[in-house]
Amino acid sequence: MIKIGYRTSKTAIGIAISILIAEWIGLHNAASAGIIAILCIQNTKQQSLKASWTRLVAGIVALFYSALFFELLSYHAAVIGLILIVFIPTMVAIKTQEGIVSSTVLILHMYAAKELSTAIILNEIGLVVIGVGVALVLNSYMPSVENNLVKMQQQTEKLFERILEEITAYLRTNDHSWDGKELTETADLLKKAKSLAYKDVQNHFTRHNSSFYQYFTMREKQFEIIERLISVVVSISHRPEQAEMIAKFMEEVKENIHPGNTAKLHLSHLNDLKREFEEMPLPKTREEFEARAALLQFVREMERYLLIKARFRGMKKRAAGESRPSVT
């Protein structure tokens, strides 16, 4: 079955409504209102507002240049080229180049009319206002993506738990049987989640960031450290006493992966481990020395991992369908 998206539905409705309104008012070239509407309907509210503003400004400038050039020179096809030579750089200079195509249609309307009058100017302005207005009204509502973000958050935490579980097992047994597919899944999920969280921000005019966007950014940074942790742990062939101590610590971290912030407790435990390691006898063999050096690097990476979480403000756990999570 063909799936019809939300934006597709809005686009179809927007074109129809824009043309109907333009025809009802009695405007000429009513179909152009539908063209402007389709160009202004975007994926987010902020994108739609920007697209509408650029086309409104570009339309006004296009009408001004059309009136000026056609009346001073003539209503000749060559004059259209002269108008565009001036019009396009102007749009680029004022950063409204997105409106060039739709405004070119207005220039062609003026050329086809072969005269300048208040009625013609008002007709063209009416087409722009109707197309822009309908698009803004339709884009004033966007479906909430928060339930999807919550699901992605929960999936991310499960994947983190699975990866840390494998790292813990490797510290204890040197088991190489893990295929590492969770690493690819996590990378893909974080990329999609950050994109969706940014879209959520773009659907609000007063919000410049969101707890979800901050959360997935934090997890993305932690995931980079996890990848380094794996590189460190696979280089360890000898299993000294400290490996089991770190494995127990990793179990503790794994059991406490959630959107809240308890990283400071783990950092305190990690500092205790570091002090305990310093008081232990020095390694006696080369293999033990190399293993303990790698484990020390592992501990330092874990410290960075936890510091990233410690700087995160934290979010209360919630299930999909509940109200927006409050920040703690």
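The values are calculated or read from the model by the stated rules, or taken from the named source; none is laboratory data. Here the structure is a predicted model, which means the values were calculated and not measured. All Cβ positions, even for glycine, are placed from backbone atoms using ideal geometry, and neighbour counts span all protein chains on display. Quick note on the areas: whole protein, heavy atoms, side chains included, nothing else; ligands and nucleic acids left out. Shrake-Rupley method; radii C 1.70, N 1.55, O 1.52, S 1.80 Å.
Structure summary
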| quantity | calculated |
| --- | --- |
| Subset of segment 24-69 [farther than 26 Å from LYS114 by Cβ, open to solvent by less than 10 Å² (accessible area, probe 1.4 Å) and in a helix (DSSP H, G or I)] | ALA37, CYS40, SER48, ALA51, SER52, THR54 |
| Residues of segment 173-194 satisfying the condition of being surrounded by 13 or more Cβ atoms within 10 Å (Cβ to Cβ) and either part of a loop (DSSP other than H, G, I, E, B) or hydrophobic (A, V, I, L, M, F, W, C) (or both) | ASN174, TRP178, LEU183, ALA187, LEU189, LEU190, ALA193 |
| Residue check, ALA112 of a type in the set (Gly, Ala, Ser) and open to solvent by 20 Å² or more (accessible area, probe 1.4 Å) | yes |
| Any pair with Cβ under 7 angstrom, 6 or more apart, that starts in segment 158-175 at a residue that is within 17 Å of GLU224 (Cα to Cα) and ends at one that is not in a helix (DSSP H, G or I) | PHE160/ILE257; GLU161/ILE257; GLU166/TRP178 |
| Qualifying residue in segment 256-271 (condition: assigned to a helix (DSSP H, G or I), β-branched (Val, Ile, Thr), touching a residue at least 24 places away in the same chain (Cβ under 8 Å) and open to solvent by less than 40 Å² (accessible area, probe 1.4 Å)) | no |
| Qualifying residue in segment 16-23 (condition: out of contact with any His (no Cβ under 9 Å at 6 or more places or on another chain), in a helix (DSSP H, G or I), of a type outside the set (Val, Ile, Thr) and open to solvent by 70 Å² or more (accessible area, probe 1.4 Å)) | yes |
| Number of positions in segment 54-74 that are touching a residue at least 40 places away in the same chain (Cβ under 8 Å) and either of a type outside the set (A, V, I, L, M) or more than 15 Å from LEU136 (Cα to Cα) (or both) | 14 |
| Boolean, ILE100 is surrounded by 16 or more Cβ atoms within 10 Å (Cβ to Cβ), part of a helix (DSSP H, G or I) and within 40 Å of the chain's Cα centre (by Cα) | yes |
| Matching entry among PHE212, PHE205 (being surrounded by fewer than 18 Cβ atoms within 10 Å (Cβ to Cβ) and at pLDDT below 90) | PHE205 |
| Where a residue in segment 121-132 is open to solvent by less than 10 Å² (accessible area, probe 1.4 Å) and its partner, wherever it lies, is polar (S, T, N, Q), with Cβ under 6 Å and at least six apart | LEU127/SER32; GLY131/SER18 |
| Of all residues making up segment 272-286, the number that are assigned to a helix (DSSP H, G or I) and of a type in the set (Val, Ile, Thr) | 0 |
| Residue in segment 87-106 that is farthest from ILE120 (Cα to Cα), counting only those that are among the β-branched types (Val, Ile, Thr) and free of Cβ contacts under 8 Å to residues at least 24 places away in the same chain | VAL92 |
| Top-ranked residue in segment 228-241 [being in a helix (DSSP H, G or I) and within 18 Å of LEU164 (Cβ to Cβ); ranked as most open to solvent (accessible area, probe 1.4 Å)] | ARG228 |
| Conditions (1) open to solvent by 30 Å² or more (accessible area, probe 1.4 Å); (2) part of a loop (DSSP other than H, G, I, E, B): number failed by GLU165 | (2) |
| Qualifying residue in segment 141-148 (condition: open to solvent by less than 40 Å² (accessible area, probe 1.4 Å), within 30 Å of the chain's Cα centre (by Cα) and in contact (Cβ under 8 Å) with a residue 60 or more places away in the chain) | yes |
